[in-house]
Each structure stands twice: as C-alpha cells, then as structure tokens.
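The values are calculated or read from the model by the stated rules, or taken from the named source; none is laboratory data. In this text the structure is predicted, and so the values were computed from the model without any measurement. As a convention, Cβ positions derive from the backbone with ideal geometry for all residues, glycine included, and neighbour counts pool all protein chains shown. The accessibility values were calculated without ligands, DNA or RNA, using every heavy atom of the protein model including side chains. Shrake-Rupley method; radii C 1.70, N 1.55, O 1.52, S 1.80 Å.
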Amino acid sequence: MSGVSKACCSIPPIQAKDYQAKGEYKTINGLKTYVTGPETATKAILVIYDIFGFFPQTLQGADILSTSSSQKYRVFIPDFFEGSPADITWFPPQTDDHKSKLGNFFNTKAAPPQTLSKIPGVVTEANNLAPGPRFDSWSILGFCWGGKIATLVSNESSNKTFSAAVQCHPAMLDPEDAKEVNVPMAVLASKDENADDVSKFGANLRKEHYVETFPDQIHGWMAARSDLADERVRGEYERGYKTVLGFLEKHA
C-alpha cells in the first residue's frame, strides 16, 4: 500500500542552517509548547519530539507538516522534558559516562508513563485553540523515543483521541506493541533500526499501515540528528515528511 496520496505536497525549500521557526510558544497543560499552523486549521497533530527536545530540524518539520499539503494542520510539540532534554553529544554513546547518562535519562525523564499521563490534558487544552468547539481530528507523530509514546497512546483499550499515528526512526520498537494499536499507523525506519523488529512490527499491525525503511539514513534523520547540509539527507528528510503527510491525508 502506498504511503503517499495523490494530493499535492508543496514542501518549501529545506533550510539547513539558522532556521527561523514559523510558530510560537504557548503554555498548554503547564508545558511550554511549540504551536504552528493556521489558526483556521480544523485538524491537529501532536508531535512527540526525540530525546533532544526542541531542535531546529524538528521545529522545521512541524512547520512543514502544518501547511505543506492541501489539508492544513495545527501542530503542537509539548516540552515533556520541561527544559532538560538529553544532550545530543551523548548519542551515540561512546563512553561509559554517556551510556550512564542516557540510561538514567530514559529511566527518569523519558519514562513512558510519565509522558502518557500528560497527553490527555495537553489535548484538552489545545482544543481551546481550534476554530470550532474542538479539532475535527487528532493525529500523533513520534520521533525516536517519541515513536514508543505514539505506539503506546494508540493502544486499543485506551485510545479515544487519535485517528492515526506515525513513527519515524522509532526507538524501543516492540512487535508485540503493534498488536494493540487501534488506528492506522505508518512506520518510517532508518538503517539503524533492527530490520527484523521493523518487519515483525509491521506484520502485527491490524489496521491500515505503511512501513518503509530509508536504507541510507541514520537514526534521527527526520529530527535532531538530521544533517540538512547534506544534499542526500535533505532530500530524504523532505521525502519523509511528504510520506507522513500523504499517510495522514488518507487516514486522519
């Protein structure tokens, strides 16, 4: 099944350096939240950033999602780490100190239950920014660690909010989690994810889905670790966002 719809995706030129974000920061459910997209947009996307927080490449991706297809979106990125993301120099971990710091981070600030508990309040308050009583639909997109959050929040027994979900270069990918996902889901993997886990995860998805591996891209190429000065990376970054938008146009 193709992940890209026939709708035109007019993604603007990707800026490699000194990107000036087009959105603004608001406080939503007590969290600093990047908000971008037209105030008239009737659909919303909740973006779960990677462990490095508000990086320019991630904010540029949110701006792309908000206005680059025929369907416009209001996009929200809450700061679940409350100003203390992981240091990008820790990854990939080269020393025991890096490994220790990353492990501690995943066990504390990035522990999934801590984030999952905040999402309902974020959505409730964000709906106050909709042009109507609430947004017509919500989708969720997670990068890296955020992919795990997107999967868990799409659980069959608890999800009543999201119409579609996307994971990009997902971390902690567990094929068993896929069996509980109750919405259409796309998975865009890099060369660094375990290929067997990616394949099994896709096979276990019961709703409409799209799974693709970008074979020459690293873990993080659509978010904080994207080297947009590299022409090939920039092209695959753009293609990744086109694929996400095409999937959401079909299913959200």
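Summary of computed values
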quantity: Matching residues, the stretch 114-160, being in a loop (DSSP other than H, G, I, E, B) and not charged (D, E, K, R); calculated: 117, 130, 131, 132, 133, 135, 144, 154, 157, 158, 159
quantity: Pair list, Cβ < 8 Å and 6+ apart or interchain, from the stretch 72-95 residues that are in contact (Cβ under 8 Å) with a residue 12 or more places away in the chain to residues that are surrounded by fewer than 13 Cβ atoms within 10 Å (Cβ to Cβ) and part of a loop (DSSP other than H, G, I, E, B); calculated: 72/38; 72/40; 74/38; 74/39
quantity: Some residue of the stretch 188-204 being of a type outside the set (S, T, N, Q), open to solvent by 10 Å² or more (accessible area, probe 1.4 Å) and touching a Gly at 6+ places or on another chain (Cβ under 9 Å); calculated: yes
quantity: Criterion violated by residue 92 - all others in (1) in a loop (DSSP other than H, G, I, E, B); (2) at pLDDT 95 or above; (3) loosely packed, with under 13 Cβ neighbours inside 10 Å satisfied; calculated: (2)
quantity: Hey, residue 211 open to solvent by 40 Å² or more (accessible area, probe 1.4 Å), in contact (Cβ under 8 Å) with a residue 24 or more places away in the chain and in a strand (DSSP E or B) or not; calculated: yes
quantity: Residue among 17, 99, 109, 72 that alone is surrounded by fewer than 20 Cβ atoms within 10 Å (Cβ to Cβ), within 23 Å of residue 169 (Cα to Cα) and touching a Pro at 6+ places or on another chain (Cβ under 6 Å); calculated: 99
quantity: Some residue of the stretch 142-155 being under 23 Å from residue 250 (Cβ atoms), surrounded by 24 or more Cβ atoms within 10 Å (Cβ to Cβ) and hydroxyl-bearing (Ser, Thr, Tyr); calculated: yes
